[in-house]
Amino acid sequence: MTTLTNTDETAPVEEERPLTALDRCDSCGSQAYVRATLGGSELLFCAHHGNKHKEKLLPLVSSWHDESHKLYER
Ligand SMILES: [Zn+2]
């Protein structure tokens with residue numbers, strides 16, 4: 001798990017913050033292209049693990065931010 005800043009209830013949720021090369025998949029350490037916001041914490045996944053976990057996580061998350069399309073833009 002990543003140790004990102006603990007967001008309390010008053011902290012704004014940065015749902016539209018783009019992912020960067022510094023964001024890493026929680027499962028394998030590859031560059032993250034998917035960010036799931038879940039109960040105030042964030043889970044980061046590469047495109048592969050994003051797809052793998054999407055079906056299970058999607059009903060639970062408050063936000064599912066998917067930039068995996070960037071992989072195919074060039
Ligand atoms: Zn991964």
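The values are calculated or read from the model by the stated rules, or taken from the named source; none is laboratory data. Since this is a predicted model, take the numbers as computed values, not measurements. Every residue, glycine among them, receives a Cβ derived from its backbone with ideal geometry; neighbour counts consider all protein chains shown. Only protein heavy atoms, including side chains, enter the accessible area calculation; ligands, DNA and RNA are left aside. Shrake-Rupley method; radii C 1.70, N 1.55, O 1.52, S 1.80 Å.
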Residue pairs meeting the criteria (Cβ under 9 Å; at least 6 apart or on separate chains; first under 14 Å from Y72 (Cβ atoms) and in a helix (DSSP H, G or I), in the range 46-57; second of a type in the set (S, T, N, Q) and within 8 Å of the ligand (Cβ to nearest atom))
A47/S30; H48/S27; H48/S30
Kindly indicate whether L71 is modelled with pLDDT of 95 or more and open to solvent by 60 Å² or more (accessible area, probe 1.4 Å).
no
Identify, please: which residue in the range 18-38 is away from the ligand (no atom under 12 Å from the Cβ) and without any contact (Cβ under 8 Å) to a residue 12 or more places away in the chain and is, among those, most open to solvent (accessible area, probe 1.4 Å)?
L22
Could you tell me which residue of the range 6-51 is modelled with the highest pLDDT, considering only residues that are farther than 15 Å from H65 by Cα and β-branched (V, I, T)?
T10
